[in-house]
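Student: I have a structure here, written as structure tokens, and I will follow up with some questions on it.
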Amino acid sequence: MIVNLLLVTGAYLLGSISSAIIVCRLMGLPDPRTQGSSNPGATNVLRIGGKTAGAITLLGDGLKGLVPMLIGHLFDAGPVLLAATGLAAFLGHLYPVFFGFRGGKGVATALGVQFGLYWPIGLTVAAIWLFVAKVLKISSVSALVCMALAPLVVWLFRPEPVLIGMQGLISLILFWRHRRNIRNLLSGSEAKLTDSGNKS
């Protein structure tokens, strides 16, 4: 029980480390919470600081979801503990205790959780994101499409109800976090990946 508690708590605390804010500080860039979409995530950092800053942020956010899941596997965690660990890491990114509970939208961290759960899940969801991004060039649409399909992907590869439920909850929260993007999409004002000031 103590190991389980430490794993879930550690996942939340690791998730609470904001890659976007740290990368921007180290690279002398503006605080991502005050620039562009005001979202401390990889897409906003990409627009603020360019591809290198965005890529580092993306990697950091992904590792926050991946590492706790891999540790869970090392301890032979069952589906319930893996689900709790993944959800804790994801919520840590969204509501980071170290940064005033003001975090990003969680797409990269959710993807890290999926890779950590079972790598074909993460690979499939990432491929969906890349395909939609290549065709439409809108980050928020890519995120919404791949996360809408993610519960189905989990069902195909790891059909345990608790894991499907975890992914379903993560997907629902992601849609809620993208509600402004959805409004922008409906009004035709959502910017593309190549634009500055995207609201994603």
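Student: Please go through region 164-184 and pick out each residue that is among the aliphatic types (A, V, I, L, M) and either closer than 17 Å to Ser142 by Cβ or under 16 Å from the mean Cα position of the chain (by Cα) (or both).
Tutor: Met166, Leu169, Ile170, Leu172, Ile173, Leu174, Ile182
Student: Would you mention how many residues in region 140-154 are among the small types (Gly, Ala, Ser) and either over 20 Å from Arg180 (Cα atoms) or crowded, with 24+ Cβ neighbours inside 10 Å (or both)?
Tutor: Within region 140-154, residues that are among the small types (Gly, Ala, Ser) and either over 20 Å from Arg180 (Cα atoms) or crowded, with 24+ Cβ neighbours inside 10 Å (or both) number 3.
Student: Residues that are in contact with a helix residue (DSSP H, G or I) (Cβ under 9 Å, 6 or more places away or on another chain) and under 24 Å from Ser19 (Cβ atoms): does region 151-162 have at least one?
Tutor: Within region 151-162, not a single residue is in contact with a helix residue (DSSP H, G or I) (Cβ under 9 Å, 6 or more places away or on another chain) and under 24 Å from Ser19 (Cβ atoms).
Student: Tally the residues that are within 24 Å of Ser18 (Cα to Cα) and charged (D, E, K, R), restricting the search to region 98-134.
Tutor: Qualifying residue count, region 98-134: 2.
Student: For region 148-163, name all the residues that are part of a helix (DSSP H, G or I) and over 17 Å from the mean Cα position of the chain (by Cα).
Tutor: Residues satisfying the conditions are Leu152, Trp155, Leu156, Phe157, Pro161, Val162.
Student: Residues to consider are Phe131, Phe157, Phe115; find the one that is of a type in the set (Phe, Trp, Tyr), at pLDDT 95 or above and farther than 20 Å from Leu59 by Cα.
Tutor: Being of a type in the set (Phe, Trp, Tyr), at pLDDT 95 or above and farther than 20 Å from Leu59 by Cα holds for just one of Phe131, Phe157, Phe115, which is Phe157.
Student: Against the conditions (1) at pLDDT 95 or above; (2) in contact with a His (Cβ under 7 Å, 6 or more places away or on another chain), where does Ser140 fall short? Just the number, please.
Tutor: Against the list (1) at pLDDT 95 or above; (2) in contact with a His (Cβ under 7 Å, 6 or more places away or on another chain), Ser140 comes up short only on (1).
Student: Return yes or no: is Met1 at pLDDT 95 or above and either closer than 23 Å to Gln167 by Cα or over 17 Å from the mean Cα position of the chain (by Cα) (or both)?
Tutor: Judged against the criteria, Met1 is not a match.
Student: Take the residues of region 164-180 that are modelled with pLDDT under 95 and assigned to a helix (DSSP H, G or I): which is nearest to Ser37 (Cα to Cα)?
Tutor: The residue in question is Arg180.
Student: How do the helices (runs of 4 or more DSSP H) wholly within region 1-101 filter down when requiring 2 or more residues that are free of Cβ contacts under 8 Å to residues at least 40 places away in the same chain and crowded, with 20+ Cβ neighbours inside 10 Å: which remain?
Tutor: The helices (runs of 4 or more DSSP H) meeting that bar are 19-26, 42-49, 51-74.
Student: Also: Test Leu123 against the criterion of being out of contact with any helix residue (DSSP H, G or I) (no Cβ under 7 Å at 6 or more places or on another chain) and modelled with pLDDT of 90 or more, and give yes or no.
Tutor: So Leu123 fits the description; yes.
The values are calculated or read from the model by the stated rules, or taken from the named source; none is laboratory data. Quantities reported herein were computed from a predicted structural model and do not represent experimental measurements. When we count neighbours, we look across all protein chains shown, and the Cβ atoms used for this are built from the backbone with ideal geometry, even at glycine.
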